[in-house]
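One structure is given below, encoded as structure tokens.
Read-outs throughout are calculated quantities, based only on the coordinates presented, and are distinct from any laboratory measurement. Nothing here was measured: the structure is a model prediction, and the numbers come from that model. Cβ: placed from backbone, ideal geometry, glycine included. Neighbour counts: every protein chain shown.
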Amino acid sequence: MATVLWASINEDMTYIFIIFGAAFGLIAIPLGFFIGLQVSSMLANVLLFPFIVASWWLELPLGAMTGLLRGFLTFVSAVIWAVLFGLVGAALQKLTTQPDKD
């Protein structure tokens, strides 16, 4: 029974990581701004990676971005973090899958 449950969890683990990555991408933006102002600018740079790349690419300061651009970049952030978390989930799934004993 426990092995069946573990196999079920193991198959869905990548999707769970993707969902958590997307949710993290949505909260990473306000969290990054808060951490950048209060705690650590290096951690804020990691959390605000899509915003910083777009700011550099468009040569536009973060404060001068329109609301539509900020909304789009929040969506892009969710997608980027979902992909990163999905890759980690897939790697963990490969590491934890046990080969079939035939």
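Can you tell me the order of 49-60, 64-75 when each peptide is scored by its average per-residue count of other Cβ atoms within 10 angstrom, highest first?
Ranking, from highest mean packing down: 49-60, 64-75.
Enumerate the calculated ³J(HN,Hα) couplings along region 30-41 in order (Karplus 6.51 cos²θ - 1.76 cosθ + 1.60, θ = phi - 60°), each rounded to whole Hz, writing x wherever the residue is Gly or Pro.
x, 5, x, 5, 5, 5, x, 7, 10, 10, 9, 6
For region 25-64, max minus min Cα coordinate along each principal axis, in Å, sorted largest first?
Cα spread of region 25-64 along its principal axes, largest to smallest: 26, 18, 16 Å.
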